[in-house]
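The values are calculated or read from the model by the stated rules, or taken from the named source; none is laboratory data. What you see is a predicted model; the values in this text were computed from it and never measured. Cβ: placed from backbone, ideal geometry, glycine included. Neighbour counts: every protein chain shown.
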């Protein structure tokens, strides 16, 4: 099979939704073109004008890529066979197979994998360095194995390091909801770059309409926000902390306090949805348009809480360095004022007629309108000050340059 035939067959399979149904692709990895293209040569010399398309020969893949493909195919076949009889597979054996695959590819590529305290720590280190080799079909098998074995620690590593994608998710969102793995569901929303509208809709409904039997499962997420808020407060009040770190800690403590106080356990999960940059407006619009009246009201009330908080604490704002400098990972999962306004505008666009006709929403919308109008007035009033500050900075930089 030629390279063109391989590409054509793979493209047709993906477009037909048969990516996981067929056999393992002959070339499941991105081949190293730097070592392939220089070896391609015209089939024969042609006389006269050069044709638009010239056939070439010398197409072959490198020994390194071939070794990786063989290793991946072997692991995939072994995993498929074992997952057909999951009772014959346990976590220890599953992790051993996975680590063997990672170790083999590390040797093929010459990637050093230092000794680590445990097998799971080795897996984390190896995925950091070699996770890009895990293709969609293989990732789907690994994720399926994690769910079947309820190997949540390994699944968390895969999610955090970006192994999960639309092509490899294998209905992971639905499976996590069925298993009540709320923490992993939040991580999945935060780290998956290409969620489908149906997946986002399912997540929103899961968080917006908790039943009595499922409400308690959200408490661990709420406790995580509480722990992060207390940790930020401790760092903000700690003596001897460098001035820069102390300022970041104070900013982070305000932000995390806002995210914790006044929100229910299930609403704390919504923070991950409205803080992510992985979901574009079209996906949000599609998901929000399919919410029912009760869900829309719950969502408006949730976003209204954020507006009131940002009105009361105007100094609150994004704190991206809270994670990198202080280890406060939840700082990057707090919805910004801009994201809250954007979400509200999408809701109004998609449900305007229903909101107008339903009096239950009128009070909520009027309250939010007052807050937004007040914030806009403050922003308009500060605009001249911003211009003066920019002008002074510009003049100061010009003087330094002249000296």
Residue tally, condition more than 26 Å from residue 62 (Cα to Cα), touching a helix residue (DSSP H, G or I) at 6+ places or on another chain (Cβ under 6 Å) and assigned to a helix (DSSP H, G or I), over segment 84-119: 5
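On the basis of being assigned to a helix (DSSP H, G or I), assigned by TED's automatic domain parsing to the domain that holds residue 152, farther than 16 Å from residue 109 by Cβ and at pLDDT 80 or above, does residue 73 make the cut? Step through it out loud before you land on a result.
Working: assigned to a helix (DSSP H, G or I): yes; assigned by TED's automatic domain parsing to the domain that holds residue 152: yes; farther than 16 Å from residue 109 by Cβ: yes; at pLDDT 80 or above: yes.
So residue 73 passes the test.
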Which residues, taken from segment 96-115, are touching a residue at least 40 places away in the same chain (Cβ under 8 Å) and either more than 27 Å from the chain's Cα centre (by Cα) or farther than 18 Å from residue 142 by Cα (or both)? 108, 109
So, residue 195, is that one in a loop (DSSP other than H, G, I, E, B), at negative phi, surrounded by 15 or more Cβ atoms within 10 Å (Cβ to Cβ) and not assigned by TED's automatic domain parsing to the domain that holds residue 273 or not? yes
Filtering segment 299-318 for residues that are within 23 Å of residue 208 (Cβ to Cβ) and surrounded by fewer than 18 Cβ atoms within 10 Å (Cβ to Cβ) leaves a count of 4
